[in-house]
Amino acid sequence: MKKISLTILVFVSLTCYSQSNPGDTLRLTISPGVNQKDSLNQQIITTLKLFLKSKDSSNTENKYWAKSDFEKYIYPYFELQDIESGRLGRFFYEPSLMEIIPTNRKNKKIIKLAFIGHNDKTNDNLLRYIYNIVATHEKNNIVFSKYLNYITQSWKGFTEASITYKISPCKKINKGDVIRQKEDITKLCKFLNTKPIPITYYSCTTPKEVFELKGFDYNPMMYIDTSGGFNQAKDIVISGNNSEYYTHEIAHLYMFKLFPSINPFFNEGFATYVGGSGKYGYLWQRNKLEKFLEENPTFQIEEHVGDPFERLYFEHETPVPYVIAALVCERTLRIYGKEKLFDLFRSKKNVFDTLKAVGLTKENINDELRKEIKLPPTLVWQ
């Protein structure tokens with residue numbers, strides 16, 4: 001997924017909310033549409049306040065969140081970590097309980113949370129996210145869990161080799177993509193000298209559906225890109241490419257497993273080298289980068305090495321930093337071979353200190369990569 005952290009200005013009235021626990025640094029506001037006289041809702045609200053106060057205190061298990069989610073996802077609510085922070089303060093975006101929605105089970109409800117900030121200087125209200133959590137009443141307690149569990153419970157699934165697919169009801173399985181993905185994993189494992197990783201692959205139609213699986217009713221990134229997806233801990237891929245093929249994100253899972261300290265520059269570079277980016281493979285992206293460099297002779301590559309997540313795109317489809325990093329991987333493989341490439345992945349130094357081992361510096365990387373891209377491509381599977 002093309003990554004960015006954004007908030008956007010929206011016109012949201014806060015006057016319809018009743019504020020609770022006003023003495024706390026972190027405050028929860030509650031919509032008048034929430035029935036606070038209902039005893040189960042009262043218990044949910046009380047537990048929600050306790051969870052919101054404790055969620056950032058530890059990366060380990062939280063007693064208000066289902067233990068099974070930590071086993072399944074490791075970081076089940078990482079999207080909520082430090083979510084209140086903004087440029088205007090640690091608790092700028094305050095949580096607002098919009099709705100508590102019944103489900104087909106009496107002991108299970110959906111909590112809908114908005115995170116809204118108010119700028120006193122401009123008198124503007126800013127909406128950051130709207131996020132869903134599942135609340136379950138069990139053993140006289142409320143336990144929260146990830147929305148992904150709930151929203152995909154009726155999705156059909158099947159297993160092909162090392163991948164267990166879960167398919168959106170909005171799409172049909174592409175069997176050609178399934179075979180192509182299986183073949184890529186076989187080649188990837190051979191190249192990396194490893195065995196296949198069991199992967200759970202959620203196949204969605206669009207990035208919007210991906211974010212809905214992750215729990216969002218609103219996130220600005222839902223509407224920016226037409227393709228993309230995520231990899232998550234516990235070997236999970238969520239694809240928004242309307243496809244059962246996503247080697248880029250699958251490559252990340254192998255990198256994290258084999259090279260846990262890999263720098264993001266090399267991680268994104270290798271994933272792009274073997275799997276392209278978005279809907280297009282590496283050769284397509286490489287050709288676009290060559291065109292970009294030809295049209296921008298004063299572009300200095302060294303200024304765009306280090307942060308692969310910089311939002312610098314060519315013709316709306318080519319993430320320039322990703323493909324620069326992929327070209328570094330290609331050059332390393334061509335000149336020095338596979339083991340030297342793996343040395344780059346193992347390095348704990350910064351990017352340019354690591355690149356010295358393959359003859360690249362801030363002073364020469366612009367010229368070296370401009371020369372490299374004029375050569376016939378060295379493909380990873382050769």
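The table for this structure:
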{"item": "The chain, accessible surface, carbon-and-sulfur percent (1.4 angstrom probe)", "result": "51"}
{"item": "Modelled FRET efficiency - R0 30 Å, residue 193 with residue 156, Cβ distances, 0.05 increments", "result": "0.30"}
{"item": "Euclidean distance of C-alpha centroids, the stretch 105-152 and the stretch 224-249, integer Å", "result": "24"}
{"item": "Helix-only [θ]222 nm of the chain, DSSP H runs n ≥ 4, -39500 (n - 2.57) each, per residue, nearest 500", "result": "-10500 deg cm²/dmol"}
{"item": "Computed label-point distance, nm, for sites residue 63 and residue 335 using a 7 Å Cα→Cβ extension", "result": "5.8"}
{"item": "Too-long pairs where the Cα-Cα distance tops 25 Å, listed order kept, from 257/349; 53/106; 291/349", "result": "53/106; 291/349"}
{"item": "For the stretch 282-334: rounded, prolate or oblate by the Cα gyration tensor [a/c cutoff 1.5]", "result": "rounded"}
{"item": "Nearest-ten-degree value, helix 175-192 long axis tilted from longest Cα axis of the chain", "result": "60"}
{"item": "With all protein chains modelled, accessible area of residue 57 [1.4 Å, Å²]", "result": "90"}
{"item": "Accessible solvent surface per residue of the chain, calculated while the other protein chains remain in place, 1.4 angstrom probe, Å²", "result": "48"}
{"item": "Largest-first ordering by accessible area, 1.4 Å probe, given options 128, 311", "result": "311, 128"}
{"item": "Folded to 0 to 90 degrees: helix 247-258 orientation relative to the chain principal axis, Cα", "result": "90"}
{"item": "Residue 37 versus residue 186: modelled label distance in nm, points set 7 Å from Cα along the beta carbon direction", "result": "6.6"}
{"item": "Helix 264-275 axis, angle to the chain major axis (alpha carbon atoms, nearest 10°)", "result": "70"}
{"item": "Potential extension, residue 75-residue 122 segment - 0.36 nm per residue separation minus Cα distance", "result": "13.3 nm"}
{"item": "Sites residue 173 and residue 311 - FRET efficiency at Förster radius 30 Å, r taken between beta-carbons, to 0.05", "result": "0.35"}
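The values are calculated or read from the model by the stated rules, or taken from the named source; none is laboratory data. Just so we're clear, the structure is a prediction, and the values are computed from it rather than from any experiment. Glycine also receives a Cβ, built like all others from the backbone with ideal geometry; neighbour counts cover every protein chain displayed. Remember, those area values only see protein heavy atoms, side chains included, never the ligands or the DNA or RNA. Shrake-Rupley method; radii C 1.70, N 1.55, O 1.52, S 1.80 Å.
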